[in-house]
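First comes the structure, then the notes that go with it.
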Amino acid sequence: MILDAALAAAAALACVIFAAWIYRFNEVPLDVPLAYSGDALYYGALIKGVIENGWYLHNPSLGAPFGLDMGPFPMSDNTHFAMLWLIGLFTDEFGSALNVFYLTSFATAAISAFVSMRWMGLNRLFSLCGAILYSLQAYHFLRGGHLFLASYFCLPIFSAFAMGIFAATESSQLSTKSLLGYALLLAVAAGCGIYYALFASLLIGFAAIAGSVEHGCWRPMRLGLAAGLIILIATTASLAPYLQAIHDTTLDGNLTQRDAVETERYGLRMIQMALPTPFHQNDSFRKQADEYRSRAPNVTENRTASIGLIAFLGFMGSLIYVLQRFPAQDPTLRRLGVLNLIAFLFATIGGFASLFAWFATAQFRAPNRISILIAFLSLCFFLLILQNALKKIRRGTLRHAASFAAFLAMLAFGTWDQSLAKSNLLKSNQVIYEHDRASADAIMHHLSPGSRVYQLPYVPYPEAAPLHAEGHTGLMRRFLHSKGIAWSYGSMKFSAVDQWIRRMELSPLRERLGKLAASDFDAVLVERRAYADNGKSVEAELQDYLGPPAMTCPDQSCSLFRLKAFSETEASPLLSTALGSGYSAWETANPGWRSATLKGSRASIQLLNPLKQTIVSRLNLDISTPAPIGLEIWRGGELLHSWNSHNPSSLDMTFELAPGINSLDLRFRGIDNDGMPIIAPAGIRLSKPVIGAVDTPLHLREFQKQVAEADRIFSPN
């Protein structure tokens, strides 16, 4: 046991050192992130949010003036966020936390692989070799930008569970303590992302069915159902904020729109598993991968599927072993082969994943990500075959020498074949990173803590097309390097906050500046790289109203305009509303009209006050229903209004509105001929309500026109 622990620790340390050597971590400061573009900036924001706020769900420094709420975006990574929280106890730099998490993922992958391989019957030497080769897969190096996908230590755990369930019989019993330990381990593994949980469910589910058929008993099925239930509970717990968010709010569009055909685009290809990595150390091998990428259609992220020659030989051998049905088959080898076959049939282009996308849900559009699970199963198969072959050598000394020679040969060739050439990525990132940090320092020098900055142009978050020379998450760099500043970028797409910003964007520039100043914004930042003309036109227009910029970023990537000197006597804050819970989707069939149908007798409305103080506000609400109804409006435990009406009707009321997002609870009741309350009919419609300050009310017709125009301009299509 002690020797196993020491070898697992040695494998973990070796993999971390090797990865650090590949990326030259010794040549740059630790706070320079390994990945610093595209999706990596999204993960950087999550990490900084965890460090500053304790968790990732709410970030008051993004989506100003109301903050970023990550609830509507489904994430099933509680284990990863807990790891980041622990890392954040020792550093307040997002780059350092990102790098430590990434390097730690090499250690955790090696440890879980070593333990699982030992459990499957591999000796210590081959388990050590397999653990290192699994941790140093090309997939690991190529997934640095998708930080949570690079943390795949859960897959050996899932594989061991699937193999154990496959082999279970009625005579194989476990103590209660062991069962509880396994349940906890499975729950932790299930918190490592929705894709890996799906792959686990696929393997464990098949193993349970096949095991019950093979052994003629129900125990594998019972264990499989129990394991599936634990994965479901753990995944649901991770997704609880998302489930709560979609219950409490009616988004103004589909946040995670996916198309079933995307599974073909992001499907798994056997040839890409066999080809060398696109960043191989050997020039000729690298050219092979480049030639395929340049000529084959739909080469996407599936190019990360290369599993190395050793694992690919294990993959092909496992399929042949299962399909040929050799006499006196080793049950462990056969089960590994069957699971490999199932995984491949699921993920390959046109496979079961496509059927799943067309007939169930298209949210799992990248089945190629199962390649790293196939790599583990294939390494186990290859090493077990070799171990069994070496056992036939009768002389112990010769057998040990041959095993050690095979260990060294596989380790040397495998690490060379799978890993990338030494990378200058960190040094390249350091240049951009230091430019961005200098720009943030200059901005913070001109603004006091607590300032709000409106970023131009508007860019949806989190998924949007790149704007000119700026990446799709490039505006996030300002937040990553600043403290005490609230940025408008980062409002969750289609949320109430995003609707507020889209409405702001519809105003002419002079009017918009007035609304921003009145809404307690302190400055406007022009992100030059996001404009075709490097921001020259918008800067010239801003100078007409605000004068010269207060500063220009040292790297010339942005310019800052102060709003404090702006004088607009007619300016007023932008007060807005959004639908909360209790509605069906938006209905926009009629031009200029925008409504939503109630699902039942309870609903809520969100009222947005961008100011830092409470104000007296005015709400106008139009209601259309085929029958008389009653209505009570509550805020918290306070009844604000009680009202009865016939169709059509309008309600106009004033009350105090606190800073931020306020929620009003609407309780409808229908009245039948006997005077007994009934559930309000589904035909009740609420026009999107109008809210304004008492002295500057907005009119319903004007508001509906603005919303319809926002739909046209900011449509995701």
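The values are calculated or read from the model by the stated rules, or taken from the named source; none is laboratory data. Computed from a predicted model, the values in this text were never measured in an experiment. FYI the Cβ positions are ideal-geometry reconstructions off the backbone, even for glycines, and counts take in every protein chain you see.
Every test in (1) in a helix (DSSP H, G or I); (2) farther than 27 Å from Leu155 by Cβ; (3) under 18 Å from the mean Cα position of the chain (by Cα) is passed by Asn26 save one, and that test is (3).
Restricting the search to region 324-351, which residues are free of Cβ contacts under 8 Å to residues at least 12 places away in the same chain and either part of a helix (DSSP H, G or I) or within 33 Å of the chain's Cα centre (by Cα) (or both)? Please lay out each step first, then the result.
Keep residues of region 324-351 that are free of Cβ contacts under 8 Å to residues at least 12 places away in the same chain, which gives 324-329, 345.
Those that are free of Cβ contacts under 8 Å to residues at least 12 places away in the same chain and either part of a helix (DSSP H, G or I) or within 33 Å of the chain's Cα centre (by Cα) (or both): Gln324, Leu345.
Does Ser378 satisfy being in the same structural domain as Cys129 (by TED's automatic domain parsing), surrounded by fewer than 24 Cβ atoms within 10 Å (Cβ to Cβ), hydroxyl-bearing (Ser, Thr, Tyr) and in contact with a Ser or Thr (Cβ under 8 Å, 6 or more places away or on another chain)? Can you show your working first?
Working: in the same structural domain as Cys129 (by TED's automatic domain parsing): yes; surrounded by fewer than 24 Cβ atoms within 10 Å (Cβ to Cβ): no; hydroxyl-bearing (Ser, Thr, Tyr): yes; in contact with a Ser or Thr (Cβ under 8 Å, 6 or more places away or on another chain): yes.
No: the conditions fail for Ser378.
Here Gly54 meets the list (1) touching a residue at least 40 places away in the same chain (Cβ under 8 Å); (2) surrounded by fewer than 21 Cβ atoms within 10 Å (Cβ to Cβ); (3) not aromatic (Phe, Trp, Tyr) almost entirely, failing just condition (1).
Would you say Ser491 is in contact with a helix residue (DSSP H, G or I) (Cβ under 7 Å, 6 or more places away or on another chain), on the phi < 0 side of the Ramachandran plot, free of Cβ contacts under 8 Å to residues at least 60 places away in the same chain and small (Gly, Ala, Ser)?
Values: in contact with a helix residue (DSSP H, G or I) (Cβ under 7 Å, 6 or more places away or on another chain): yes; on the phi < 0 side of the Ramachandran plot: yes; free of Cβ contacts under 8 Å to residues at least 60 places away in the same chain: no; small (Gly, Ala, Ser): yes.
Judged against the criteria, Ser491 is not a match.
State whether the residues of region 264-286 include one that is part of a helix (DSSP H, G or I), farther than 30 Å from Pro460 by Cβ and touching a His at 6+ places or on another chain (Cβ under 6 Å). Looking through region 264-286, at least one residue is part of a helix (DSSP H, G or I), farther than 30 Å from Pro460 by Cβ and touching a His at 6+ places or on another chain (Cβ under 6 Å). Taking the criterion of being in contact with a helix residue (DSSP H, G or I) (Cβ under 9 Å, 6 or more places away or on another chain), over 20 Å from Gly88 (Cα atoms) and of a type in the set (A, V, I, L, M, F, W, C), the residues of region 18-36 that qualify are Phe18, Ala19, Ala20, Ile22, Val28.
Summed over region 530-549, the residues that are surrounded by fewer than 18 Cβ atoms within 10 Å (Cβ to Cβ) and either touching a His at 6+ places or on another chain (Cβ under 8 Å) or not assigned by TED's automatic domain parsing to the domain that holds Ala438 (or both) give a count of 1. Looking at region 406-437 only, could you name the residues that are surrounded by fewer than 19 Cβ atoms within 10 Å (Cβ to Cβ) and touching a His at 6+ places or on another chain (Cβ under 6 Å)? Selection gives Arg437 alone.
Which ones in region 514-536 are in a helix (DSSP H, G or I) and under 11 Å from Leu456 (Cβ atoms)? Across region 514-536, the qualifying residues are Leu516, Arg528, Ala530.
If you check Ala227 against the conditions, is it closer than 23 Å to Thr79 by Cβ and touching a strand residue (DSSP E or B) at 6+ places or on another chain (Cβ under 9 Å)? Explain how you work it out, then say what you get.
Working: closer than 23 Å to Thr79 by Cβ: yes; touching a strand residue (DSSP E or B) at 6+ places or on another chain (Cβ under 9 Å): no.
For Ala227, the condition - closer than 23 Å to Thr79 by Cβ and touching a strand residue (DSSP E or B) at 6+ places or on another chain (Cβ under 9 Å) - is not met.
Going residue by residue through region 347-363, is there one that turns out to be over 25 Å from Leu411 (Cα atoms), in contact with a strand residue (DSSP E or B) (Cβ under 9 Å, 6 or more places away or on another chain) and crowded, with 22+ Cβ neighbours inside 10 Å? There is at least one residue in region 347-363 that is over 25 Å from Leu411 (Cα atoms), in contact with a strand residue (DSSP E or B) (Cβ under 9 Å, 6 or more places away or on another chain) and crowded, with 22+ Cβ neighbours inside 10 Å. The residues on offer are Leu179, Leu128, and the sole one that is at pLDDT 95 or above and either assigned by TED's automatic domain parsing to the domain that holds Ala6 or surrounded by 24 or more Cβ atoms within 10 Å (Cβ to Cβ) (or both) is Leu128. All of Ala35, Ala64 fail the test of being touching a Lys or Arg at 6+ places or on another chain (Cβ under 7 Å), of a type in the set (A, V, I, L, M), crowded, with 17+ Cβ neighbours inside 10 Å and at pLDDT below 95, apart from Ala64. Can you tell me which residue is nearest to the chain's Cα centre (by Cα) among those in region 258-295 that are buried (at least 18 other Cβ atoms within 10 Å of the Cβ) and of a type in the set (Val, Ile, Thr)? Looking at residues that are buried (at least 18 other Cβ atoms within 10 Å of the Cβ) and of a type in the set (Val, Ile, Thr), I get Thr263.
If Ala496 meets every condition in (1) touching a helix residue (DSSP H, G or I) at 6+ places or on another chain (Cβ under 8 Å); (2) under 27 Å from Ala245 (Cα atoms) apart from one, which number is that one? The one condition Ala496 does not meet is (1).
When Gln455, Gln499 are checked against the criterion of being in a helix (DSSP H, G or I), polar (S, T, N, Q) and under 27 Å from Pro74 (Cα atoms), a single residue qualifies: Gln499. Output yes when any residue across region 360-371 is in the same structural domain as Ala162 (by TED's automatic domain parsing), out of contact with any Lys or Arg (no Cβ under 9 Å at 6 or more places or on another chain) and at pLDDT below 90, and no when none is. Within region 360-371 (the criterion being in the same structural domain as Ala162 (by TED's automatic domain parsing), out of contact with any Lys or Arg (no Cβ under 9 Å at 6 or more places or on another chain) and at pLDDT below 90), the answer is yes, since at least one residue qualifies. Of all the listed residues (Leu475, Leu408), the sole one being closer than 30 Å to Arg24 by Cβ and either within 27 Å of the chain's Cα centre (by Cα) or charged (D, E, K, R) (or both) is Leu475. A search for C-beta distances below 6 Å between a residue of region 5-27 that is surrounded by 15 or more Cβ atoms within 10 Å (Cβ to Cβ) and any residue that is of a type in the set (Gly, Ala, Ser) and assigned to a helix (DSSP H, G or I), counting only pairs 6+ apart in sequence or on different chains, returns Ala11/Ala110; Ala11/Ala131; Ala12/Ala107; Ala12/Ala110; Cys15/Ala110; Cys15/Ser135; Val16/Ala107. Does Ala530 meet the test of being within 32 Å of the chain's Cα centre (by Cα) and of a type outside the set (Lys, Arg)? Yes; evaluated as a whole, the condition is true for this residue. If the requirement is being under 20 Å from Ala353 (Cβ atoms), in contact (Cβ under 8 Å) with a residue 24 or more places away in the chain and assigned by TED's automatic domain parsing to the domain that holds Asn368, which of these qualifies: Cys154, Cys217? Being under 20 Å from Ala353 (Cβ atoms), in contact (Cβ under 8 Å) with a residue 24 or more places away in the chain and assigned by TED's automatic domain parsing to the domain that holds Asn368 holds for just one of Cys154, Cys217, which is Cys154. Residue under question is Arg512, and the condition is that it be without any contact (Cβ under 8 Å) to a residue 40 or more places away in the chain, touching a helix residue (DSSP H, G or I) at 6+ places or on another chain (Cβ under 9 Å) and within 15 Å of Leu560 (Cβ to Cβ); does it hold? Considered against the rule, which asks whether it is without any contact (Cβ under 8 Å) to a residue 40 or more places away in the chain, touching a helix residue (DSSP H, G or I) at 6+ places or on another chain (Cβ under 9 Å) and within 15 Å of Leu560 (Cβ to Cβ), Arg512 comes out as no.
Could you tell me whether region 200-214 includes any residue that is modelled with pLDDT under 90, of a type in the set (Val, Ile, Thr) and assigned to a helix (DSSP H, G or I)? The answer is no; no qualifying residue exists.
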